[in-house]
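Here the structure comes first, spelled out in structure tokens, and everything after it is commentary.
Bear in mind these aren't lab numbers, they're just calculated from the coordinates by the rules spelled out. Since we're looking at a predicted model, the values are computed, not measured. We place every Cβ from the backbone using ideal geometry, glycine too, and count neighbours over all the protein chains shown.
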Amino acid sequence: MNAAGEGAPEARTTPKYGVFAQVIFFVLTCGAMYAFYQLVGENGILTGVVALALAEYLINRWRWLRTGVESALWLGGLFAFISELPSTGKPEALLVLAAAAAIAGARVQNPLFGALAAGLTMHYFERKWDFGVLFALAGATLAVVLLCRTWRRPSTEWLFIAIALILPLAGYAEADRKWRMTTIALYAAFGAIAFTAAIVKRHHAFFLAAAIGFAVAAIELARELPLLLEAKLAIGGAFLLATSLAVSRLLRNRTRGFVATKESLTGADDLLEFAATISVAAPAQPPAAREPGGGDFGGAGASGTF
Amino acid sequence: MLLATAAGMVLKDDLSLLIIPAAIVCYAWVWWHRARATLADDYVLLLGAMLVSAEVLMRWPRQFLPLAIVHGVGAYAYKSRLLLSLSISALAAWMGVERRTAFDFSADLAPRAFLTAGLVIAWRQLHDRLSNIRDFLRVCEHFAANLALWGALSLASDPGYLLTIAVAALVMAWGFKQRSEPFVLYAFVYAVIGADALLLHHFEHEAAIILISSVIAIAALIAIDKRFRERRG
């Protein structure tokens, strides 16, 4: 805090924390709220009142925004209130949770809460009318369209970016097997729209949204093709590698628009890179030795459970 | 990654004729391109290295040391941090610290992790004297810190939790000295886990402990972050 501004709220500066620090603050605050909820005998009203009062105090008195603490207090406080409502098991409960996430998101200007609200609404559409995928892609497309204009508040732009990227992924979780061809067509169409927007508006989010759309369509298409899994993986990997090489070749020496220059994104890129490398570098396991007569069933050279 | 997975499956089916040539092509491609390397080349190199890993481990299961050496040589030849990560991962696996057994808190995980952390620190010191690739120092430091912290936590006992807090304090001090925030933040998380585990081990009233410790942790992180920013200027 600014020592010169001690006691004068308007003179205080908003503390700024990196993404990882915000995540830690958020998790710690959620833990503290849950513990408080348990301590007061699972009283959602009391927990909600205390959480929202504390959040408002921190925001107004100390100008805490985007620290993770006030976000957790607002979201957790509203969810605590909702926990006091009688449980009916109806899908409309999802809309109540979505409204809480939207209100919390609007108050603390957290785009992820907005995306959470959209995701919960999508889940409601799925439960109610089996339209989850359609809602997700319609919402994401609307976000792409809205992103084509310039927004004065960065938090508004981030909200649409979050919706454009998260909603298609959330919708994919609801995709049914019987609608596979429709899913492929819809995701490919979304990918094409986002890619066109990326070329025209030169916005990284559109590029990512297009990648998500095409990736989902490709995964579902691969399930339809009568090829061996290794062939599908090899074709997919070769395609991605060729695309990345082509893109990096096209963008070489560029200094404007999309560039291929390495730059820090999170402040902990090194750590993320190592973690990703370790996670994919799990040592392969040798195939199990097959003993004659092994397996649970089968005969004439065929043995089950292998 | 997809290609490497596919290669592993092909290999499993005894159709490995193309794996090593494919790996050689990857290494050769990146070597040929090294003067005008792009982001994609890092991953072509990683693909080649993973093909080598798949080939070696399928033919000679658990031969991690040769793999660590091969990837280590590759890391220095190509000045690649990704290959260095693979090399240190293979070294840790050879020492018995693997991702698949990381949560198996058996008695011998901690000494293995500490020993590996010591080896990685020795590697770092040797590298500091003999090489001018500064990026590699940070890779070694992150691996050593996480191995030591995880090893201490895996003791799952009072001395282990106290050791976790002590090692976390050292890592945080190192983060302050290097002005590198990730060290400070993940060491802080380890310290909080160690402190909570220690308190929960001795006291009842779990909810009260978690509430108080979370509030203290938030206040502590604010103070640490403020001091870190003041130091960084």
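The table below gives the values:
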{"quantity": "Length gained when the stretch A:Leu112-A:Phe239 is fully extended (0.36 nm per residue, less Cα-Cα span)", "calculated": "42.6 nm"}
{"quantity": "Distance between modelled label sites at A:Val23 and B:Arg134, nm, 7 Å Cα→Cβ extension", "calculated": "2.7"}
{"quantity": "Amide hydrogen neighbours beyond the local backbone of B:Ser157, cut-off 5 Å, H modeled", "calculated": "none"}
{"quantity": "Gaussian network model of chain B, springs between alpha carbon atoms under 10 Å - residue of B:Phe105, B:Phe136, B:Phe203 with greatest fluctuation", "calculated": "B:Phe203"}
{"quantity": "The stretch A:81-225 shape via C-alpha gyration tensor axes, a/c threshold 1.5", "calculated": "oblate"}
{"quantity": "In nm, spacing of pseudo-spin labels at A:Ser87 and A:Lys16 (7 Å Cα→C-beta vector)", "calculated": "4.4"}
{"quantity": "DSSP H segments from chain B that extend 27 Å or more along their own axis, Cα-based, with Kyte-Doolittle mean of -0.5 or above", "calculated": "B:39-59, B:109-130, B:135-154, B:158-178, B:181-202, B:206-232"}
{"quantity": "The stretch A:40-99: C-alpha gyration tensor shape, a/c 1.5 cut-off, then a/b vs b/c", "calculated": "oblate"}
{"quantity": "Partner chain coverage, peptide B:212-221 - average Cβ within 10 angstrom", "calculated": "5"}
{"quantity": "Cα point-scatterer Debye curve for chain B, base-10 log of I(q)/I(0) at q = 0.08, 0.13, 0.15 Å⁻¹", "calculated": "-0.39, -0.90, -1.07"}
{"quantity": "Sorted by Cβ neighbour density within 10 Å, fewest at the top, the residues A:Cys148, A:Cys30, B:Cys26", "calculated": "A:Cys148, A:Cys30, B:Cys26"}
{"quantity": "Alpha-carbon centroid distance for the pair the stretch B:149-194 / the stretch B:35-89, whole angstrom", "calculated": "29"}
{"quantity": "Within 10 Å of each Cβ in A:21-34, the average number of Cβ atoms from other chains", "calculated": "5"}
{"quantity": "Peptide-level mean, for B:51-57, of C-beta atoms on other protein chains within 10 Å", "calculated": "2"}
{"quantity": "Per-pair calculated FRET efficiency, R0 = 35 Å: A:Ala53 and A:Ala173 via Cβ, rounded to 0.05", "calculated": "0.45"}
{"quantity": "Residue-averaged [θ]222 nm for chain B, counting only DSSP H segments that reach four residues, each worth -39500 (n - 2.57)", "calculated": "-27500 deg cm²/dmol"}
{"quantity": "Order of B:Glu141, A:Glu92 under a 10 Å beta carbon neighbour criterion, fewest first", "calculated": "A:Glu92, B:Glu141"}
{"quantity": "Cβ-based exposure ranking for A:Tyr57, A:Tyr187, B:Tyr161, in which fewest neighbours within 10 Å come first", "calculated": "A:Tyr57, B:Tyr161, A:Tyr187"}
{"quantity": "Three-way shape label, the stretch B:157-228, alpha-carbon gyration tensor, a/c 1.5", "calculated": "oblate"}
